[in-house]
Amino acid sequence: MQLYIQNVNITLMGVHVKDFPVGIKEAFDHLQSTFGNYRTYYGISWIDEDDHVQYYAMTPEMFNGEALEYHYKTLAIEKGEYFTETIYDFLSKTGTIREVFHYLMPDRKPLKNYPCIEWYKSNREMICMVKV
């Protein structure tokens, strides 16, 4: 586990994966077909009050209001300190992602204000992040 300092707020835009976990790939494919591979992508998830996972496939807004043009939902990654763990070749290790998040937040479940953040830095490197 490493500590990462996020120095600025990041406004994200994207789509809700209503049939989690089945629709994750399709949601990211949709974003990549719209914006290409030059953007950074994030998966944001938390447990709602009914104990259901809420998952969003997202990318940063490049200008204020961009999400409105695409009719996308917005969420934010707040500046601050995050516990992180990097997973290399994550596509072959998708079964381990849940355990990594449990390791990063052993005493609580992810909530909307403290979600699990998957930061896809490349096609082979993903960073799991949980706000301290």
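The values are calculated or read from the model by the stated rules, or taken from the named source; none is laboratory data. Everything quoted here is computed from the prediction, not taken from an experiment. As a convention, Cβ positions derive from the backbone with ideal geometry for all residues, glycine included, and neighbour counts pool all protein chains shown.
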Which of the residues spanning segment 17-43 are within 18 Å of Gln54 (Cα to Cα), in contact (Cβ under 8 Å) with a residue 12 or more places away in the chain and β-branched (Val, Ile, Thr)?
Val17, Ile24
Residue in segment 22-33 that is nearest to Cys116 (Cα to Cα), counting only those that are surrounded by 12 or more Cβ atoms within 10 Å (Cβ to Cβ) and of a type outside the set (D, E, K, R):
Ile24
Give the residue, chosen from Ile87, Ile44, Ile24, Ile5, that is β-branched (Val, Ile, Thr), over 23 Å from Asn123 (Cβ atoms) and out of contact with any His (no Cβ under 8 Å at 6 or more places or on another chain).
Ile5
Segment 3-18, residues that are touching a Phe, Trp or Tyr at 6+ places or on another chain (Cβ under 8 Å), assigned to a strand (DSSP E or B) and surrounded by 10 or more Cβ atoms within 10 Å (Cβ to Cβ):
Tyr4, Gln6, Leu12, Met13, Gly14, Val15, His16
Asp48: passes all of (1) exposed (fewer than 12 other Cβ atoms within 10 Å of the Cβ); (2) closer than 26 Å to Leu3 by Cβ; (3) in contact with a Leu (Cβ under 9 Å, 6 or more places away or on another chain) but (2)
Going by the conditions given, is Val22 out of contact with any Leu (no Cβ under 6 Å at 6 or more places or on another chain), assigned to a loop (DSSP other than H, G, I, E, B), at pLDDT 95 or above and not basic (Lys, Arg)?
no
So which residues in segment 90-118 are in contact with a Cys (Cβ under 8 Å, 6 or more places away or on another chain) and not in a loop (DSSP other than H, G, I, E, B), if there are any at all?
Ile97, Val100, Phe101, Leu104, Cys116, Ile117, Glu118
Those residues of segment 45-76 which are touching a Phe, Trp or Tyr at 6+ places or on another chain (Cβ under 7 Å) and not hydroxyl-bearing (Ser, Thr, Tyr), in sequence order
Val53, Gln54, Ala57, Met58, Lys73, Leu75
